[in-house]
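The values are calculated or read from the model by the stated rules, or taken from the named source; none is laboratory data. Please read these numbers as outputs of a predicted model, since none were measured by experiment. Ideal geometry is used to build each Cβ from the backbone, glycine not excepted, and the neighbour counts take in all protein chains shown.
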Amino acid sequence: MPIISEIRLTDEAVKEMNGSLTMKNFAIFFLFCLGIAGYAKCRADTSPPEEVVYQATIAADGVQHVRIEGGGYFFKPNRVIVKVNVPVELTVSVEKSLIPHTLVIQSPEAGISVDEKLSSDARNIRFTPTAAGKYHFYCKNKLLFFKSHREKGMEGMLEVVQ
């Protein structure tokens with residue numbers, strides 16, 4: 001008789017363990033989904049990025065120095081004004097993230113051709129704009145069927161003036 005009683009207790013213990021593991025797995029899954037939903041909500045582009053303008057000046061070395069920081073689907077500043085026929089040095093970086101970003105400015109008619117991967121380590125990009133005008137800069141990255149980073153607001157304007 002004692003042996004049967006021990007088997008029943010063991011069966012009950014196993015059932016209870018299986019039930020608690022299933023409940024534990026469900027709880028973990030639920031919290032994971034809740035976290036993903038919260039993250040997506042925080043990252044949603046609900047409003048256009050605020051315009052941040054930087055007017056470059058010519059430094060003692062004869063170069064217009066501009067610092068651009070990228071991040072969660074933004075560039076700051078997102079509007080940069082420089083003078084034509086004066087060298088420009090962009091110091092670009094991106095905030096630490098798992099999401100890769102790039103900086104692209106393709107305006108060969110103005111002497112500007114930039115296509116760089118960004119990292120948290122700042123890097124310098126030099127060019128001399130040869131024509132006045134407005135030239136878009138943006139992140140070209142896109143994941144599968146999602147909106148591109150540019151479509152999510154990671155773009156800006158380089159304005160070259162006389």
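From (1) under 21 Å from GLU51 (Cβ atoms); (2) free of Cβ contacts under 8 Å to residues at least 60 places away in the same chain, pick out the condition that doesn't hold for PHE75.
(2)
When only residues in the range 116-161 that are among the polar types (S, T, N, Q) and closer than 20 Å to VAL82 by Cα count, which is surrounded by the fewest Cβ atoms within 10 Å (Cβ to Cβ)?
It comes out as ASN124.
Hey, any hits in the range 62-83 for a residue that's acidic (Asp, Glu), within 21 Å of the chain's Cα centre (by Cα), more than 18 Å from PRO129 (Cα to Cα) and at pLDDT below 95?
Among the residues of the range 62-83, not one is acidic (Asp, Glu), within 21 Å of the chain's Cα centre (by Cα), more than 18 Å from PRO129 (Cα to Cα) and at pLDDT below 95, which makes the answer no.
Every residue in the range 58-113 that is in contact with a Phe, Trp or Tyr (Cβ under 7 Å, 6 or more places away or on another chain) and on the phi > 0 side of the Ramachandran plot, please.
GLY111
Please state which one of GLU116, GLU95, GLU51, GLU109 is without any contact (Cβ under 8 Å) to a residue 24 or more places away in the chain and among the charged types (D, E, K, R).
Exactly one residue qualifies, and that residue is GLU109.
Considering every residue within the range 99-106, establish whether at least one is surrounded by fewer than 18 Cβ atoms within 10 Å (Cβ to Cβ) and not in a loop (DSSP other than H, G, I, E, B).
Yes, that holds for at least one residue.
Can you find even one residue in the range 95-115 that is in the same structural domain as ASP61 (by TED's automatic domain parsing), β-branched (Val, Ile, Thr), farther than 17 Å from ARG67 by Cβ and touching a helix residue (DSSP H, G or I) at 6+ places or on another chain (Cβ under 8 Å)?
The answer is no; no qualifying residue exists.
Restricting attention to the range 55-64, does a residue exist that is of a type in the set (A, V, I, L, M) and out of contact with any strand residue (DSSP E or B) (no Cβ under 7 Å at 6 or more places or on another chain)?
yes
Report every pair of residues separated by at least 6 positions or lying on different chains whose Cβ atoms are under 7 Å apart, first residue within the range 125-138 and within 9 Å of GLY156 (Cα to Cα), second in a loop (DSSP other than H, G, I, E, B) and among the basic types (Lys, Arg).
So the pair list comes out as TYR138/ARG150.
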